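Just below is one structure, and these are the notes that go with it.
The values are calculated or read from the model by the stated rules, or taken from the named source; none is laboratory data. No experiment lies behind these values; they were computed from the predicted model shown. Every residue, glycine as well, gets a Cβ built from its backbone with ideal geometry; the counts of neighbours run over all protein chains shown.
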Amino acid sequence: MKNFVKLAFCVLIFYSCKTEMKKNKATEISNKETKESIILSRKNYCNQLYGFWLGQSIANWTGLVTEMDKIGNIGEIRTGNFYTRDDWGKPDQPSIWGAGIPSDLSPTIDFVFRDTNEIWGADDDTDIEYMYQHLMFVNQTSFLTPVQIRDGWLKHIKQNEENYLWVSNQKAYDLMLEGVLPPETGNPEKNEHHEMIDAQLTTEIFGLFSPARADVATRIALLPIQTTAREESEDISKFYVTMYSLASLNTEKTLSERIHWMANKARKVLPDNSYPAKMFDYSRKLYESGITWEQTRDSIYYRYQVQQKDSYDITSKNLYCNGCFAAGINFASSLVSLFYGEGDLKKTIQIGTLAGWDSDNPTATWGGLIGFMIGKDGIEKTFNRQFSNRFNIHRTRQNFPEDGIDTFERMAQRGLLVTDRVVKEEIGGTIDEENDTWIIPIEIEYK
């Protein structure tokens with residue numbers, strides 16, 4: 001009898017354990033598959049898209065004051081000591097192509113604004129994004145085709161006069177004129193400039209078209225990115241797109257907390273053994289050490305342009321201005337203003353403007369991102385003033401409606417409609433018309 005009781009007890013324990021194991025396994029599977037949704041106000045998002053264009057314009061034109069003023073002291077072109085915070089408000093120094101003449105945008109290194117009776121001009125940090133939004137809007141698509149991109153470039157970019165294209169963008173354009181379609185225009189075998197900065201300043205906006213879903217954002221951005229980029233420059237561009245997509249999450253946290261959370265999430269798109277990943281880790285380590293942003297910037301210059309660490313070998317290629325247009329060094333520079341700016345729009349633009357190299361690019365990228373996060377109203381509050389809402393795309397491009405004079409309101413509204421399509425057709429979300437909101441399914445690990 002005792003043996004029978006023992007046997008029955010063991011059987012009971014066995015089946016209890018087995019049942020518990022099944023339950024735990026089911027719970028584990030359920031957790032992996034769990035999805036939740038976020039609700040975003042379309043009205044608020046429209047205000048944020050306005051903030052993206054306004055913030056990007058302020059930061060772009062401010063950064064242009066110091067563009068290529070400071071690139072280091074390697075090779076034939078030497079620009080002396082880099083700027084520091086003490087140079088803010090002081091006279092601008094000539095750029096590498098300024099023939100000894102400082103910027104005509106501002107006599108001093110300071111913010112550049114356009115008053116309500118003036119017009120913002122397009123630049124290469126804003127005009128290709130404007131064009132891509134326009135092409136997605138008129139073609140009623142979330143995924144631009146190779147032909148749509150080629151036709152858009154050839155229609156809207158000038159051929160026989162100043163066209164505000166450089167390095168990889170210019171090469172891609174030349175290839176399109178020869179009949180080559182994207183993504184072959186960014187193929188390293190055809191485009192020797194594929195390592196340059198171009199894609200990372202022309203595709204961030206795709207992240208805004210896919211709020212909270214960076215997986216979708218990088219898919220719709222892939223062909224535009226590959227139009228001019230490959231390898232590390234492609235990865236860097238995906239990093240920026242991811243940052244922009246994640247900007248709709250964790251709104252209950254401080255801007256600084258959100259910026260650092262977004263950056264750490266975006267870091268995952270960078271292959272661990274790549275130089276962009278190592279640049280990110282090195283820059284973050286220096287920031288967390290408590291040294292000044294100037295010391296971090298100087299360390300980045302020494303590590304990557306002087307010592308050529310982490311397989312970043314641009315210096316060895318003996319390029320013009322030591323590769324001052326390269327994706328890598330400008331990515332590293334952008335991390336300085338991102339980390340040390342800590343979500344403060346003014347501080348981020350100031351650091352980006354003073355950091356060196358292609359200084360209008362990081363400023364435009366982060367000015368657009370933070371401008372989106374705080375919206376039009378937040379920007380006006382930050383600077384305690386109002387700004388022009390008009391934008392002249394024909395300063396750099398051509399063949400747009402209204403002789404190229406647009407407004408941030410209309411640009412934001414078109415962006416909203418593009419986002420509607422992405423939310424419904426690619427993300428699988430819905431529009432609650434009664435409450436004017438999007439309901440967006442989101443994988444829980446993104447929270």
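A few comments on the model shown:
- Filtered residues of segment 164-179 (kept if surrounded by fewer than 17 Cβ atoms within 10 Å (Cβ to Cβ) and not aromatic (Phe, Trp, Tyr)): 174, 177, 178, 179
- When the residues of segment 7-40 are filtered to those that are in contact with a helix residue (DSSP H, G or I) (Cβ under 9 Å, 6 or more places away or on another chain) and among the polar types (S, T, N, Q), the one that is modelled with the lowest pLDDT is 31.
- Reported count of residues in segment 172-197, each being free of Cβ contacts under 8 Å to residues at least 40 places away in the same chain and outside any loop (DSSP other than H, G, I, E, B), is 6.
- When residue 127 is tested against (1) acidic (Asp, Glu); (2) modelled with pLDDT of 95 or more; (3) more than 24 Å from residue 237 (Cβ to Cβ), just one condition goes unmet, and that condition is (3).
- Residues within segment 357-387 that are more than 18 Å from the chain's Cα centre (by Cα) and part of a loop (DSSP other than H, G, I, E, B), tallied: 4
- Of all the criteria given as (1) buried (at least 18 other Cβ atoms within 10 Å of the Cβ); (2) over 20 Å from the mean Cα position of the chain (by Cα), the one not satisfied by residue 204 is (2).
- Segment 299-320 - residue that is touching a residue at least 60 places away in the same chain (Cβ under 8 Å) and either in contact with a Pro (Cβ under 8 Å, 6 or more places away or on another chain) or buried (at least 19 other Cβ atoms within 10 Å of the Cβ) (or both) and, of those, farthest from residue 258 (Cα to Cα): 315
- The sole residue among 212, 172, 122 that is in contact with a strand residue (DSSP E or B) (Cβ under 9 Å, 6 or more places away or on another chain) and within 18 Å of residue 398 (Cβ to Cβ) is 122.
- Failed item, numbered, when residue 195 is tested on (1) surrounded by fewer than 23 Cβ atoms within 10 Å (Cβ to Cβ); (2) within 28 Å of residue 259 (Cβ to Cβ); (3) of a type in the set (Asp, Glu): (1)
- Under the condition of being touching a helix residue (DSSP H, G or I) at 6+ places or on another chain (Cβ under 6 Å) and either part of a loop (DSSP other than H, G, I, E, B) or acidic (Asp, Glu) (or both), the residues counted in segment 407-437 number 3.
- Matching residues in segment 63-84 - criterion: being among the hydroxyl-bearing types (Ser, Thr, Tyr) and farther than 15 Å from residue 333 by Cα: 79
- Neighbours by Cβ (under 6 Å, 6+ apart or cross-chain): first from segment 366-381, over 14 Å from residue 258 (Cα atoms); second hydroxyl-bearing (Ser, Thr, Tyr): 376/50
- Residue within segment 224-234 that is among the aliphatic types (A, V, I, L, M), more than 17 Å from residue 426 (Cα to Cα) and part of a helix (DSSP H, G or I) present: yes
- Any hit, segment 97-115, residues being at pLDDT below 95, charged (D, E, K, R) and either part of a helix (DSSP H, G or I) or farther than 30 Å from residue 442 by Cβ (or both): yes
- Checked against (1) over 15 Å from the mean Cα position of the chain (by Cα); (2) surrounded by fewer than 24 Cβ atoms within 10 Å (Cβ to Cβ); (3) on the phi < 0 side of the Ramachandran plot; (4) not aliphatic (A, V, I, L, M), residue 227 passes all but condition (2).
- Per-region count, segment 116-135, residues within 21 Å of residue 376 (Cβ to Cβ), in a loop (DSSP other than H, G, I, E, B) and under 15 Å from the mean Cα position of the chain (by Cα): 2
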